[in-house]
Amino acid sequence: MSHLLPRFTRALTRRPAPNFADGITESVHLGAPDYDKALRQYDAYLETLADCGLRVTALPADDRYPDGHFVEDPFVMYRGLAFHCRSGAAARRGEGESLKAHLAGLRIVEAPADARIDGGDVLVCADRVLVGISERTNRAGWRALRAALQTVQPDIRVDAVPMTGMLHLKSGLTELAAGVLIHCPLLQLDYDLGWARVIELPPAEAHAADVMPLNDALVVAAGCPLALAAARQVCSRVIALDMSEFVKMDGGLTCLSLRY
(Lines give C-alpha, C1' and ligand atoms only; values in the text may rest on other atoms or scores of the structure.)
Protein backbone atom coordinates (compact mmCIF):
# COMPACT_ATOMS: atom_id res chain seq x y z
CA MET A 1 0.00 0.00 0.00
CA SER A 2 1.29 3.45 -0.85
CA HIS A 3 1.93 6.13 1.75
CA LEU A 4 -1.45 7.70 2.48
CA LEU A 5 -0.57 11.17 3.75
CA PRO A 6 -0.73 13.80 1.00
CA ARG A 7 0.88 17.22 1.12
CA PHE A 8 -1.52 20.01 1.95
CA THR A 9 -1.83 23.12 -0.21
CA ARG A 10 -5.10 24.62 1.05
CA ALA A 11 -7.00 25.12 4.28
CA LEU A 12 -10.62 26.06 4.85
CA THR A 13 -11.57 27.60 8.20
CA ARG A 14 -14.43 29.50 9.81
CA ARG A 15 -14.12 32.32 12.31
CA PRO A 16 -15.65 31.56 15.74
CA ALA A 17 -19.00 33.25 16.35
CA PRO A 18 -19.62 35.47 19.40
CA ASN A 19 -21.90 32.73 20.78
CA PHE A 20 -19.33 29.97 20.41
CA ALA A 21 -19.50 29.31 24.16
CA ASP A 22 -23.02 27.95 23.53
CA GLY A 23 -21.56 24.99 21.67
CA ILE A 24 -21.57 21.39 22.87
CA THR A 25 -18.90 20.60 25.46
CA GLU A 26 -18.12 18.01 28.10
CA SER A 27 -15.35 20.19 29.57
CA VAL A 28 -17.42 22.60 31.66
CA HIS A 29 -15.00 22.00 34.55
CA LEU A 30 -12.45 24.09 32.62
CA GLY A 31 -14.63 27.17 32.82
CA ALA A 32 -16.25 29.38 30.19
CA PRO A 33 -14.10 30.35 27.19
CA ASP A 34 -13.04 33.95 26.62
CA TYR A 35 -14.16 35.09 23.17
CA ASP A 36 -11.52 37.78 22.60
CA LYS A 37 -8.75 35.40 23.64
CA ALA A 38 -10.20 32.72 21.37
CA LEU A 39 -10.04 35.12 18.42
CA ARG A 40 -6.38 35.86 19.13
CA GLN A 41 -5.66 32.15 19.27
CA TYR A 42 -7.58 31.62 16.03
CA ASP A 43 -5.60 34.37 14.26
CA ALA A 44 -2.33 32.79 15.39
CA TYR A 45 -3.60 29.47 14.05
CA LEU A 46 -4.31 31.02 10.64
CA GLU A 47 -0.83 32.54 10.57
CA THR A 48 0.66 29.11 11.26
CA LEU A 49 -1.28 27.50 8.40
CA ALA A 50 -0.05 30.22 6.04
CA ASP A 51 3.53 30.00 7.30
CA CYS A 52 3.47 26.27 6.49
CA GLY A 53 2.63 27.03 2.88
CA LEU A 54 -1.15 26.58 2.83
CA ARG A 55 -3.48 28.93 1.01
CA VAL A 56 -6.02 29.78 3.71
CA THR A 57 -9.70 30.62 3.24
CA ALA A 58 -11.24 32.02 6.43
CA LEU A 59 -15.03 32.18 6.27
CA PRO A 60 -17.00 34.65 8.41
CA ALA A 61 -18.61 33.47 11.63
CA ASP A 62 -22.03 31.84 11.44
CA ASP A 63 -23.92 32.26 14.71
CA ARG A 64 -26.53 29.68 13.66
CA TYR A 65 -23.95 27.08 14.59
CA PRO A 66 -21.98 27.79 17.79
CA ASP A 67 -19.69 24.84 16.95
CA GLY A 68 -19.41 25.83 13.29
CA HIS A 69 -15.76 26.88 13.52
CA PHE A 70 -14.87 23.21 14.12
CA VAL A 71 -14.96 22.70 10.35
CA GLU A 72 -13.10 19.39 10.43
CA ASP A 73 -16.18 17.52 11.67
CA PRO A 74 -18.53 18.07 8.67
CA PHE A 75 -16.07 16.74 6.06
CA VAL A 76 -13.32 14.19 5.57
CA MET A 77 -10.88 15.26 2.87
CA TYR A 78 -8.74 12.82 0.90
CA ARG A 79 -7.01 13.27 -2.47
CA GLY A 80 -9.73 15.24 -4.24
CA LEU A 81 -12.60 13.65 -2.30
CA ALA A 82 -14.73 15.56 0.20
CA PHE A 83 -16.88 13.12 2.17
CA HIS A 84 -19.80 15.03 3.69
CA CYS A 85 -20.36 13.64 7.16
CA ARG A 86 -23.63 13.28 9.05
CA SER A 87 -22.86 14.06 12.69
CA GLY A 88 -24.20 12.04 15.58
CA ALA A 89 -24.97 15.44 17.16
CA ALA A 90 -28.20 16.49 15.43
CA ALA A 91 -27.61 20.19 16.17
CA ARG A 92 -24.47 20.14 14.03
CA ARG A 93 -25.82 18.52 10.88
CA GLY A 94 -26.36 21.73 8.94
CA GLU A 95 -22.80 23.00 9.26
CA GLY A 96 -21.44 21.30 6.16
CA GLU A 97 -23.94 22.82 3.73
CA SER A 98 -22.40 26.27 3.99
CA LEU A 99 -18.93 24.84 3.36
CA LYS A 100 -19.76 23.11 0.08
CA ALA A 101 -19.57 26.26 -2.03
CA HIS A 102 -15.95 26.68 -0.94
CA LEU A 103 -14.90 23.17 -1.96
CA ALA A 104 -15.08 23.78 -5.70
CA GLY A 105 -13.14 21.27 -7.74
CA LEU A 106 -13.51 18.47 -5.21
CA ARG A 107 -15.78 15.45 -5.59
CA ILE A 108 -18.34 15.61 -2.79
CA VAL A 109 -19.82 12.33 -1.56
CA GLU A 110 -22.76 12.44 0.83
CA ALA A 111 -22.99 10.15 3.84
CA PRO A 112 -26.12 7.93 3.63
CA ALA A 113 -29.08 8.45 5.93
CA ASP A 114 -28.12 5.70 8.38
CA ALA A 115 -24.54 6.91 8.73
CA ARG A 116 -23.36 8.96 11.70
CA ILE A 117 -19.82 10.26 11.49
CA ASP A 118 -17.71 13.25 12.57
CA GLY A 119 -14.41 14.12 10.92
CA GLY A 120 -12.85 14.33 14.38
CA ASP A 121 -13.19 10.55 14.57
CA VAL A 122 -11.18 9.98 11.38
CA LEU A 123 -7.40 9.68 11.65
CA VAL A 124 -5.46 9.25 8.40
CA CYS A 125 -2.17 7.55 9.28
CA ALA A 126 0.74 6.76 7.00
CA ASP A 127 -0.52 3.27 6.15
CA ARG A 128 -4.17 3.11 7.29
CA VAL A 129 -7.20 5.16 8.25
CA LEU A 130 -8.66 4.77 11.73
CA VAL A 131 -12.33 5.57 12.37
CA GLY A 132 -13.40 5.94 15.99
CA ILE A 133 -16.75 4.32 16.81
CA SER A 134 -18.05 6.85 19.30
CA GLU A 135 -21.16 8.73 20.39
CA ARG A 136 -20.79 10.77 17.18
CA THR A 137 -19.77 8.01 14.73
CA ASN A 138 -21.40 4.63 14.13
CA ARG A 139 -20.41 1.58 12.08
CA ALA A 140 -22.62 2.65 9.19
CA GLY A 141 -20.59 5.87 9.06
CA TRP A 142 -17.35 3.90 9.06
CA ARG A 143 -18.57 1.63 6.26
CA ALA A 144 -19.76 4.59 4.18
CA LEU A 145 -16.45 6.41 4.53
CA ARG A 146 -14.50 3.25 3.73
CA ALA A 147 -16.52 2.76 0.54
CA ALA A 148 -15.95 6.39 -0.49
CA LEU A 149 -12.20 6.23 0.16
CA GLN A 150 -11.95 3.00 -1.82
CA THR A 151 -13.20 4.86 -4.89
CA VAL A 152 -10.03 6.95 -4.62
CA GLN A 153 -7.65 4.20 -3.53
CA PRO A 154 -9.04 0.64 -3.81
CA ASP A 155 -6.45 -0.95 -1.49
CA ILE A 156 -6.83 1.59 1.31
CA ARG A 157 -7.13 0.11 4.80
CA VAL A 158 -9.90 1.66 6.89
CA ASP A 159 -10.26 0.20 10.40
CA ALA A 160 -13.09 0.65 12.88
CA VAL A 161 -11.82 1.60 16.36
CA PRO A 162 -14.40 1.26 19.15
CA MET A 163 -13.61 3.89 21.77
CA THR A 164 -14.79 5.55 24.98
CA GLY A 165 -13.54 8.21 27.36
CA MET A 166 -13.15 11.21 25.03
CA LEU A 167 -15.34 13.02 22.50
CA HIS A 168 -13.49 12.06 19.32
CA LEU A 169 -10.76 9.63 18.34
CA LYS A 170 -8.40 12.50 17.54
CA SER A 171 -9.12 14.04 20.93
CA GLY A 172 -6.81 11.38 22.34
CA LEU A 173 -4.88 9.77 19.47
CA THR A 174 -2.98 11.17 16.50
CA GLU A 175 0.09 10.24 14.47
CA LEU A 176 3.35 12.12 15.09
CA ALA A 177 5.19 10.36 12.26
CA ALA A 178 4.79 7.19 10.24
CA GLY A 179 4.29 4.40 12.77
CA VAL A 180 4.49 6.72 15.79
CA LEU A 181 1.29 7.54 17.67
CA ILE A 182 0.70 9.89 20.58
CA HIS A 183 -2.06 8.80 22.96
CA CYS A 184 -3.84 10.02 26.06
CA PRO A 185 -4.85 7.08 28.29
CA LEU A 186 -8.19 8.75 29.01
CA LEU A 187 -9.10 7.47 25.55
CA GLN A 188 -9.92 3.78 25.88
CA LEU A 189 -9.69 1.74 22.67
CA ASP A 190 -10.86 -1.71 21.71
CA TYR A 191 -8.19 -1.91 19.02
CA ASP A 192 -4.64 -3.26 18.87
CA LEU A 193 -2.03 -0.53 18.44
CA GLY A 194 0.81 -3.05 18.35
CA TRP A 195 1.70 -2.04 14.78
CA ALA A 196 2.95 1.35 16.01
CA ARG A 197 5.20 2.90 18.63
CA VAL A 198 2.85 4.59 21.08
CA ILE A 199 3.89 7.58 23.20
CA GLU A 200 1.63 7.91 26.23
CA LEU A 201 0.76 11.32 27.66
CA PRO A 202 -0.29 12.02 31.26
CA PRO A 203 -3.89 13.16 31.83
CA ALA A 204 -2.63 16.69 32.49
CA GLU A 205 -1.58 16.87 28.83
CA ALA A 206 -4.67 15.08 27.50
CA HIS A 207 -5.54 17.74 24.92
CA ALA A 208 -2.01 17.61 23.52
CA ALA A 209 -2.70 14.18 22.03
CA ASP A 210 -4.32 16.08 19.16
CA VAL A 211 -1.28 17.08 17.11
CA MET A 212 -1.53 18.49 13.60
CA PRO A 213 0.99 17.53 10.91
CA LEU A 214 1.39 20.30 8.34
CA ASN A 215 3.62 18.98 5.59
CA ASP A 216 7.15 19.30 7.04
CA ALA A 217 6.00 20.73 10.38
CA LEU A 218 4.21 19.41 13.46
CA VAL A 219 1.88 21.69 15.40
CA VAL A 220 1.33 20.84 19.07
CA ALA A 221 -0.52 22.38 22.00
CA ALA A 222 1.52 24.89 23.99
CA GLY A 223 2.31 24.30 27.65
CA CYS A 224 2.63 20.53 27.27
CA PRO A 225 6.33 19.65 27.67
CA LEU A 226 6.03 15.88 27.19
CA ALA A 227 4.07 16.27 23.96
CA LEU A 228 6.51 18.91 22.75
CA ALA A 229 9.50 16.66 23.49
CA ALA A 230 7.85 13.75 21.68
CA ALA A 231 7.20 15.90 18.62
CA ARG A 232 10.80 17.11 18.55
CA GLN A 233 12.01 13.51 18.51
CA VAL A 234 10.44 12.95 15.10
CA CYS A 235 10.27 16.39 13.46
CA SER A 236 12.78 19.20 13.09
CA ARG A 237 10.10 21.91 12.82
CA VAL A 238 7.71 21.91 15.76
CA ILE A 239 5.28 24.78 16.38
CA ALA A 240 3.48 25.21 19.71
CA LEU A 241 0.14 27.03 19.80
CA ASP A 242 -2.03 28.00 22.75
CA MET A 243 -5.50 26.55 22.17
CA SER A 244 -6.86 26.92 25.71
CA GLU A 245 -10.21 28.54 24.81
CA PHE A 246 -11.02 25.87 22.22
CA VAL A 247 -10.03 23.07 24.61
CA LYS A 248 -12.78 24.38 26.91
CA MET A 249 -15.20 23.53 24.09
CA ASP A 250 -13.72 20.06 23.47
CA GLY A 251 -11.75 21.35 20.50
CA GLY A 252 -8.13 21.13 19.46
CA LEU A 253 -5.67 21.84 16.69
CA THR A 254 -7.04 19.59 13.97
CA CYS A 255 -10.66 20.68 14.56
CA LEU A 256 -10.28 24.22 13.30
CA SER A 257 -9.46 23.59 9.65
CA LEU A 258 -10.01 21.37 6.67
CA ARG A 259 -6.58 20.76 5.20
CA TYR A 260 -6.29 19.38 1.68
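The values are calculated or read from the model by the stated rules, or taken from the named source; none is laboratory data. Because the structure is a prediction, the values reported are computed rather than measured. Quick reminder, even Gly has a Cβ in these numbers, built from the backbone with ideal geometry, and neighbours come from all protein chains shown. Side chains included, ligands, DNA and RNA excluded: accessible areas come from the protein's heavy atoms. Shrake-Rupley method; radii C 1.70, N 1.55, O 1.52, S 1.80 Å.
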Q) Carbon-plus-sulfur fraction of the accessible area of the chain, 1.4 Å probe, in percent? A) 51
Q: Please give, to one decimal in nm, the separation of the simple spin-label points placed at A222 and A101, each 7 Å out from Cα toward the Cβ.
A: 3.5
Q.
Rolling a 1.4 angstrom probe over the protein chains, ignoring ligands and nucleic acids, what is the accessible area of E97 in square angstrom, nearest 10?
A. 100
Q.
Antiparallel versus total DSSP beta bridges in the chain: what percent is that, nearest 5?
A. 45
Q) What are the principal axis extents of the Cα atoms in the stretch 142-207, in Å, biggest first? A) 41, 23, 18
Q | Correct choice for percent of Cα pairs over 27 Å apart that was computed from the model, options [x] 52; [y] 29; [z] 44 | A | [y]
Q.
If each residue of separation counts as 0.36 nm, what is the full-extension length gain between T9 and D159 once their alpha-carbon separation is subtracted?
A. 51.3 nm
Q | Long-range HN-HN contacts of L59 with modeled amide H, under 5 Å | A | T13, R14, R15
Q) Cα-based Rg (one decimal) and Dmax (whole number) for the stretch 183-260, in Å? A) 12.6, 34
Q: State, as an integer percentage, the relative contact order of the chain based on alpha-carbon contacts under 8 Å between residues 6 or more apart.
A: 23
Q: Could you tell me which of H69, P162, G80 has its Cα farthest along the dipole of the chain towards the positive end, charges placed at Cβ (Lys, Arg +1; Asp, Glu -1), taken about the Cα centre?
A: G80
Q) In whole percent, what relative contact order does the stretch 23-142 give with Cα contacts below 8 Å and a gap of six or more residues? A) 20
(Q) Sort 77-90, 240-253 by the packing proxy (mean of other Cβ within 10 Å over each peptide's residues), most packed first. (A) 240-253, 77-90
Q. How are the C-alpha pair distances of the stretch 1-117 spread across 5 Å bins, as whole percents from the shortest bin up?
A. 2, 10, 18, 20, 20, 16, 9, 3, 1, 0
Q. If you place +1 on the Cβ of every Lys and Arg and -1 on the Cβ of every Asp and Glu, how big does the dipole about the Cα centre of the chain come out, in debye to the nearest 20?
A. 800
Q: Quote to one decimal, in nm, the extra length available between A229 and D63 on full extension: 0.36 nm per residue of separation minus the C-alpha distance between them.
A: 56.0 nm
Q) What does the accessible area per residue of the chain come to in Å², with a 1.4 Å probe and no ligands, DNA or RNA counted? A) 41
Q) What residues have an amide H closer than 5 Å to that of V109, excluding those fewer than 5 places away on the same chain, when H is modeled at 1.01 Å from N in the peptide plane? A) A82, F83, H84
Q) In terms of modelled amide H atoms, which long-range or inter-chain residues lie less than 5 Å from the amide H of V129? A) R157, V158, D159
Q: Express in Å², to the nearest 10, the accessible area of T25 obtained by rolling a 1.4 Å probe over the protein heavy atoms while all chains stay in place.
A: 40
Q | Listed residues S236, L106, V122: farthest to the positive end of the dipole of the stretch 104-260 (Cβ charges) | A | L106
Q.
From the mean inverse distance of alpha carbon pairs (Kirkwood) and the Cα radius of gyration, derive Rg over Rh for the stretch 103-194.
A. 0.97
